[in-house]
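The values are calculated or read from the model by the stated rules, or taken from the named source; none is laboratory data. Every value quoted in this text rests on a predicted model; they were computed, and no experiment measured them. Reconstructed Cβ throughout: ideal geometry from the backbone, glycine too, with neighbour counts over all protein chains shown.
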Amino acid sequence: MNWLTNFVLPKIRAVVAKKEMPDNLWHKCPGCGQMLFHRELEANLHVCAACGHHLRLAPEKRLAMLFDDGKYTVIELPKAIVDPLKFRDRKRYAERLKEAQGAKGTTRDAAVVAHGTLGSVAAVVCAFDFGFMGGSMGIAVGEALLAAARLAVLQEAALIVVPSSGGARMQEGILSLMQLPRTTLAVEMVKESGQPYIVVLADPTTGGVSASFAMLGDVTLAEPGAVIGFAGARVIEETIREKLPEGFQRAEYLLEHGMVDMVVHRRDLKAAIDRILGLLCRKAPPALAATALPATDRGWERA
Ligand SMILES: [Zn+2]
């Protein structure tokens, strides 16, 4: 023990040691490779300022972005059976789930459901988390969509779903495939109740998700550059032995071919949905409704 080890050494260490820098301050744009500062990226709704690439968005951010004043209430989802097949590849599925859940809580899966208002219209939004096992759809996600649809019917609210998913969750085998008809029926329930169902296709929407609820919207919006399709482009190319056209399975390509109604930049997304909901849901002012039709034609009021 002397002054060298007690006093000088810590000082030298303090000067020489690398300052601990959080590694998430910068993000690399997958589109153009530009380094983006996290605060600027946040302010820009996770869209690259250089090339306009839409980065994937966490569901909480998506919900805050869509709901009026960023205010919403997340609903608790019914508990689904965990790992029904006791599946194991290189790792146990149960372990993978735990890892993905991390600090998010044990009930969390790849879809989050919340309700609130959009453009003053009551709405239920189901947003996907691609960061959670590729946003894949297993029983829990099926339950989330069913819960969202039931809530929309109960509250007479619009249903908005923002998928970002690789498809069905293969660790749940046939049970994940069962979510295709289940979610289709959920959507059908909303449609039968007369509430609008809007889908916002975010990157990527592929596989079983694109083969069920994601392509059934009354109105289908998509984010620019989003990959949307069933089978991957390489698989198709190898199967049909043909070169696929430029921009195949991108949002803009689907718009050109009539599969998508609008491709909307993320900063305009809320305004676009607000406007659509306003057109579909807002009732005419009472004075106008009363004078527009003679009393005998107003059977719809009693219905
Ligand atoms: Zn970029």
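Assorted remarks:
- Qualifying residue in region 56-79 (condition: within 16 Å of the ligand (Cβ to nearest atom) and either within 19 Å of Ala202 (Cα to Cα) or under 17 Å from the mean Cα position of the chain (by Cα) (or both)): yes
- The residues of region 144-183 that are farther than 30 Å from Arg88 by Cα and either crowded, with 24+ Cβ neighbours inside 10 Å or not hydrophobic (A, V, I, L, M, F, W, C) (or both), listed by number, are Ala148, Ala149, Arg150, Ala152, Gln155, Glu156, Ala157, Ala158, Leu159, Ile160, Val161.
- Qualifying residue in region 237-250 (condition: under 25 Å from Arg275 (Cα atoms) and either part of a helix (DSSP H, G or I) or touching a residue at least 24 places away in the same chain (Cβ under 8 Å) (or both)): yes
- For region 184-206, a residue qualifies if it is surrounded by fewer than 24 Cβ atoms within 10 Å (Cβ to Cβ) and among the small types (Gly, Ala, Ser), and the qualifying residues are Ser193, Gly194.
- Qualifying residue in region 134-143 (condition: in contact (Cβ under 8 Å) with a residue 12 or more places away in the chain, within 22 Å of Arg62 (Cβ to Cβ), in a strand (DSSP E or B) and in contact with a Phe, Trp or Tyr (Cβ under 8 Å, 6 or more places away or on another chain)): no
- Matching residues in region 163-201 - criterion: being more than 18 Å from Phe128 (Cα to Cα) and part of a loop (DSSP other than H, G, I, E, B): Met178, Ser193, Gly194, Gln195, Pro196
- Residue within region 98-117 that is at pLDDT below 95 and among the hydrophobic types (A, V, I, L, M, F, W, C) present: yes
- Tabulated pairs, region 174-185, first in contact (Cβ under 8 Å) with a residue 40 or more places away in the chain, second among the basic types (Lys, Arg), C-beta under 7 angstrom, 6+ apart or interchain: Ser176/Arg169
- Condition met for Ser136 (among the hydroxyl-bearing types (Ser, Thr, Tyr), more than 16 Å from the ligand (Cβ to nearest atom) and at positive phi): no
- Within region 145-182, the set of residues being among the hydrophobic types (A, V, I, L, M, F, W, C) and in contact with a Phe, Trp or Tyr (Cβ under 9 Å, 6 or more places away or on another chain) comprises Leu145, Ala149, Ala152, Ala158, Leu159, Ile160, Val161, Val162, Met170, Leu180.
- Qualifying positions in region 102-133 - basic (Lys, Arg) and either assigned to a loop (DSSP other than H, G, I, E, B) or in contact with a Leu (Cβ under 9 Å, 6 or more places away or on another chain) (or both): Arg108
- Flag if Gly208 is small (Gly, Ala, Ser), within 30 Å of Cys29 (Cβ to Cβ), touching a residue at least 40 places away in the same chain (Cβ under 8 Å) and assigned to a loop (DSSP other than H, G, I, E, B): no
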